[in-house]
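Here, each number is a calculation from the coordinates, and none is a lab measurement. It should be emphasised that the depicted structure is a prediction, and the values quoted were computed from it without experimental measurement. Cβ sites come from the backbone with ideal geometry, for glycine too, and all protein chains shown count toward neighbours.
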Amino acid sequence: MMPPPNEPNLTKKQRKALYKEQRKWEREKALASRKRKKHLTYGALAIALAALGYMGYHSMMEKTSFAVPVMESPHLTSLSQPHEPYNTNPPTSGPHFEGHVEQKISSKPVPKEIMVHEMEHGGVFILYNCKNCEDLIAKLEKIARSYDNVLMAPYPEMESKIALTAWGRLAKLDDYDEKTITRFIKSHAGGHHGN
């Protein structure tokens, strides 16, 4: 705190008024400084939250895009024709046979070469590998029936319980996650990808 101004030409009353004015100015200056710090803190917090939101959004999009390398996709003349191995399990692109699944919901595994052909034409597969999991299968069937271009079948050759496949996309889930499954379908069903 500053002492009252000691000007010889000022009366005691004037010095007191000037001192009050100085104190008021110093309080306003301190208040302005606190406000500035508060705004800077809130600004930094807003930037940090925006960055976290951006990273969270891109993390979510990364989880729902599940991009994998797309293979060359020649047409096979038969299901038994030898071809190079698929680069993902279950496959998401590559050699395929021009056939279609017999039923939207299959209780038997679909040949990989036909799965790839269905995906070439915008199909999405919901695949599962589990025993005594009728509740899970019922939930997956309900989703599959709710969308066009979604097919479902068992796939015993994978380690995960559930896999979602589309052209150049693969998601593996150990547990039922309706949001991820529907997001995957909405993002990747439809369209034509092949020759």
Computed [θ] at 222 nm, deg cm²/dmol, the chain (DSSP H ≥ 4; -39,500 (n - 2.57); rounded to nearest 500): -15500 deg cm²/dmol
Whole angstrom only: what separates the Cα centroid of the range 79-143 from the Cα centroid of the range 18-54? 60
Rounded FRET efficiency, nearest 0.05, which uses the C-beta distance separating ASP177 from THR77 and R0 of 41 Å: 0.55
List the lysines whose Cα lies under 18 Å from the Cα of LYS186, skipping any in the same chain that are fewer than 8 positions away. LYS63, LYS104, LYS139, LYS142, LYS172
So what is the relative contact order of the chain, in percent, for Cα pairs below 8 Å that sit 6 or more residues apart? 20
For an R0 of 30 angstrom, estimate the FRET efficiency from the Cβ-Cβ distance between SER146 and ILE47 and round to the nearest 0.05. 0.15
Percent of all alpha-carbon pairs of the range 105-169 at distances over 14 Å, whole number, is 53
Please get the size of the charge dipole for the chain, origin at its Cα centre, with Cβ charges of +1 on Lys and Arg and -1 on Asp and Glu, quoted in debye to the nearest 20. 3080
Please report, in debye to the nearest 20, how large the charge dipole of the range 79-144 is about its Cα centre when each Lys and Arg carries +1 at its beta carbon and each Asp and Glu carries -1 there. 240
Volume per residue of the C-alpha convex hull in the chain, rounded to whole Å³: 215
Treating only the Cβ atoms of Lys and Arg (+1) and Asp and Glu (-1) as charged, compute the dipole magnitude of the range 75-188 about its Cα centre; round to the nearest 20 debye. 280
Please give every one of the lysines within straight-line cross-link reach of LYS38, meaning a C-alpha to C-alpha distance under 17 Å, and leave out same-chain neighbours fewer than 8 residues apart. LYS29
Please express the shape of the range 86-130 as an equivalent ellipsoid: the semi-axes are the square roots of 5 times the eigenvalues of the C-alpha gyration tensor, given largest first in whole angstrom. 15, 13, 9
Burial order of peptide ranges 10-16, 70-76 (average beta-carbon count within 10 Å, highest first): 70-76, 10-16
Helix 134-146: angle to the longest alpha-carbon principal axis of the chain, degrees 0 to 90, nearest 10? 80
Could you derive backbone 3J(HN,Hα) for the range 36-52 from the dihedral phi with the Karplus parameters 6.51, -1.76 and 1.60 (θ = phi - 60°), listing whole Hz in sequence and x where the residue is Gly or Pro? 4, 4, 4, 5, 5, 5, 5, x, 5, 5, 5, 5, 5, 5, 4, 5, 5
